[in-house]
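Read-outs: derived from the displayed coordinates by stated rules, not from any lab. Owing to the predicted nature of the structure, the values given are computational and were not obtained by experimental measurement. Positions of Cβ are generated from backbone atoms using ideal geometry, with glycine treated the same way; all protein chains shown enter the neighbour counts.
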Amino acid sequence: MTIFSKAIALIFHPVFTAIYSYLIYFNIQNTYNQMLFLAAPKIYWALLFFLFLMVVFFPLVTIFIMYRNKTISSMSIPIRKERLPVLILISIYYLMTYHIFRYWNTTLLNLFHPYLSFLFAGLVLIFTLTAITYFWKISLHSSSISALCGGMMAETIVAQPVSSQEQVFYINMALLVLVGIVCFSRLYLKAHTVSQTITGIALGFSLAFSLVFLQIYI
């Protein structure tokens, strides 16, 4: 069970959340996506590569450099105070990513409109987690997987019509199960307390769902 929990923690590390959201959202057959890929057929992989560089590759390289320079004691960053500089740097990467996606949205007839609200929710979540981490250790895993779940649930409501309601149902059910599995793994590994995990779930889900459902972004 320990190996399983560590594997889950690695696979669903918070840095991968935006990638999973991209793979889920842009593979849902809704009107926005159909029009987007009709207007720019080759854009899917280009956007995915850019997103991977900005929210996965650069943050992980940054964490590795900080570890080699002994700025942080472990790649998993278990110490609360050590998480602050990492979160601040990741916030900068995410802010740059959001700004570029927002610019591309204006050049592509606002066809990123539903997904932009998710990226904005992620940005707000990172800022909020950074502020909370200054005072208290909250579960980043539980907040990020819950934000993915809440945000994608809201996306399937607002980005209508979709060609397959059955697909949407299975995606939402799978995400709910993943929230439980990821949070259980954090508790099993004693990486967080129950209160830290539950707070992460409540914050991530409510923030992402509300911002995406209301289509709020700036």
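Worth a mention:
- Taking N as the residue count of region 28-100, its C-alpha radius of gyration divided by 2.2 N^0.38 Å amounts to 1.49.
- Amide N proximity, region 49-79 versus PHE37 label position 7 Å along Cα-to-Cβ, cut-off under 14 Å: none
- Sequence of MET152, MET1 once ranked by neighbouring C-beta atoms within 10 Å, starting from the fewest: MET1, MET152
- For the chain, the longest site-free run once chymotrypsin sites (Phe, Trp or Tyr not before Pro) in DSSP loop states with at most 15 other Cβ atoms within 10 Å are removed: 1-133
- Global geometry of the chain, whether rounded, prolate or oblate, following the gyration tensor of its Cα atoms and the 1.5 cut on a/c: prolate
- For region 155-218, the Kirkwood radius over C-alpha pairs fed into Stokes-Einstein at 4 °C and 1.567 mPa s yields D = 95 µm² per second.
- Taking all Cα pairs closer than 8 Å and separated by 6 or more residues, the relative contact order of the chain comes to 31 percent.
- Most mobile listed residue (LYS137, LYS81, LYS42) in the chain, GNM with C-alpha springs under 10 Å: LYS42
- Charge tally in the Cβ shell below 15 Å around LEU129, where Lys, Arg are +1 and Asp, Glu are -1, LEU129 excluded: +4
- Given charges at beta-carbon only (K, R positive; D, E negative), |dipole| of the chain in Debye: 740 debye
- Here the spin labels are modelled as points 7 Å beyond Cα on the Cα-Cβ line, and at TYR134 and THR106 they lie 3.1 nm apart.
- Taking each residue as 0.36 nm, the span from PHE50 to SER91 lengthens on full extension beyond its C-alpha to C-alpha distance by 13.1 nm.
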